[in-house]
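Report on the structure given below.
The values are calculated or read from the model by the stated rules, or taken from the named source; none is laboratory data. Worth saying up front: this structure is predicted, and the values here are computed from it rather than measured. Cβ sites come from the backbone with ideal geometry, for glycine too, and all protein chains shown count toward neighbours. Ligands, DNA and RNA are excluded from the accessible area calculation, which covers all protein heavy atoms including side chains. Shrake-Rupley method; radii C 1.70, N 1.55, O 1.52, S 1.80 Å.
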Amino acid sequence: MSKKIEIEKKVLSENDRIAAEIRKELKKRRIVSLNLVSSPGSGKTSLLEKTLAALKNEIRMALIAGDVQTENDANRLINAGGEAVRPIVTGGACHLDARMAEKAIASINLEGIELLFIENVGNLVCPSSYDLGEDMKVALISTTEGDDKPLKYPAMFRRASVIVINKIDLLGLSDFDMAKVKKNALQINGGLKIFEISCRTGDGLNEWYNWLRSLTGRQ
Amino acid sequence: MHELRIAESIVQSVLEEMARQNLHSIKTIGLRIGALSGVNIDSLRFGFESIVPETALAHARLQVEEVAVQGECRHCGKNFEVNEFIFVCPHCFSTDMAIKTGQELDLVYIEAE
Ligand SMILES: Nc1nc2c(ncn2[C@@H]2O[C@H](COP(=O)(O)OP(=O)(O)O)[C@@H](O)[C@H]2O)c(=O)[nH]1
Ligand SMILES: [Mg+2]
Ligand SMILES: [Zn+2]
């Protein structure tokens, strides 16, 4: 005699519960939070280094750098002038989850912080399932990757609010087609805001900075 | 491969439920997985099979209901299926829509022997 028992529970309900708590706390403190996702090497840490150098005297930022094994990225952010920087070493896990984020956030003095960046582990698949309580996911793609990235990772590009196309200094060196990548991305998510930048030359970064200023109530 | 973590969460939830209901062996675990969940079903099965042999779920089978992506257009109000991840309303071509289904990652039921 077999017996069927209804459960009806979200597998990630515990993650979602913690993410909701984080969101509530950040909202209460009026902190805007951005979860940066990309494949390894697209330029997440580089973009944060540039952002710190340009805006650290203007916007008070906290930064969390997730990595599978090392604290290298966190150290780069400290060297770039980050005052509230925390590493999360996942010890093999291919994504950050809300519990890890909660722990890192709890170790930061949030008084006066206006903008929180979370650099996720380099991976466009796994982090898409985990809400960290952020306001927006920002997905980076670089021009050295395929322009079909959005089509390969629709779950991530659908959940992202913003895409940053980095390394435009290298356009023309590969067959990366800017128009095509934008079309592919907008087909998955017509509401995406798109930046085209180079962390090497600084091209396009002013638009990014201005957007961060507007997010934090400036201009 | 976050599917291994997902499999671990499923196993943990099922074991808790078994303890609550005083069950000893499970035949089927029913899941509902949306095409936009970010979970690969084959990887999930692989992850599940790699962790259950030593547990009370050693003979359990995953029964997966796959859910397609359904959108509701915020412009014309019509419902439609999103095919091949093209998120455009087929009626009015708006890209402004609510996702009605397709994001599920649910533990739906268990069936005891
Ligand atoms: N040519 C070029 N290289 C870049 C640019 N941005 C980052 N890089 C390089 O790309 C590599 C990976 O960048 P990193 O910020 O560590 O990527 P992350 O893994 O996403 O954090 C580094 O060697 C950077 O110097 C860019 O705009 N142009
Ligand atoms: Mg990095
Ligand atoms: Zn419509």
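Things worth noting here:
- Computed E for residue A:3/residue B:8 - FRET, C-beta separation, R0 25 angstrom, nearest 0.05: 0.50
- About its Cα centre, the dipole of the protein assembly as shown is roughly 820 debye, where the only charges are +1 on Lys and Arg Cβ and -1 on Asp and Glu Cβ.
- Computed from Cα positions, the angle between helix B:3-21 and the longest principal axis of chain B comes to roughly 60 degrees.
- Here the calculated FRET efficiency for residue A:144 and residue B:22, from their Cβ-Cβ distance with R0 = 41 Å, stands at 0.10, rounded to the nearest 0.05.
- Counting Cβ atoms of other protein chains within 10 Å of each Cβ in B:82-91 and taking the mean gives 4.
- Listed peptides B:69-82, A:47-60 appear in the order A:47-60, B:69-82 once ranked by packing, highest mean of other Cβ atoms within 10 Å at the front.
- Modelled FRET efficiency - R0 56 Å, residue A:169 with residue A:106, Cβ distances, 0.05 increments: 0.90
- Protection proxy ranking for B:103-112, A:25-34, using the average of other Cβ atoms within 10 Å per residue and placing the highest first: B:103-112, A:25-34.
- Debye log10 I(q)/I(0) at q = 0.10, 0.11, 0.13 Å⁻¹ for the stretch A:2-215, Cα point scatterers: -0.43, -0.51, -0.71
- Shown for the stretch A:2-215: the carbon plus sulfur share of the solvent-accessible area, taken with all protein chains present and a 1.4 angstrom probe, equals 46%.
- Calculated over the stretch A:50-91: convex hull of Cα atoms, volume per residue (Å³): 51
- Hydrodynamic analysis of the stretch B:1-100 uses the Kirkwood radius over alpha carbon pairs. Inserted into Stokes-Einstein at 4 °C and 1.567 mPa s, it gives a translational diffusion coefficient of 83 µm²/s.
- Taking the charge dipole of the stretch A:87-219 about its Cα centre, with +1 at Lys and Arg Cβ atoms and -1 at Asp and Glu Cβ atoms, the residue from A:133, A:101, A:189 reaching farthest to the positive side is A:189.
- Residue-normalised accessible area of the stretch A:2-215, given per residue in Å² at a 1.4 Å probe: 43
- Where labels lie 7 Å past Cα in the beta-carbon direction, separation of residue A:14 and residue B:81 in nm: 3.6
- Comparing each chain alone with all protein chains together (probe 1.4 Å, DNA, RNA and ligands left out), the residues of the stretch A:123-164 losing at least 30 Å² of accessible area are A:126, A:129, A:130, A:154, A:155, A:158, A:159.
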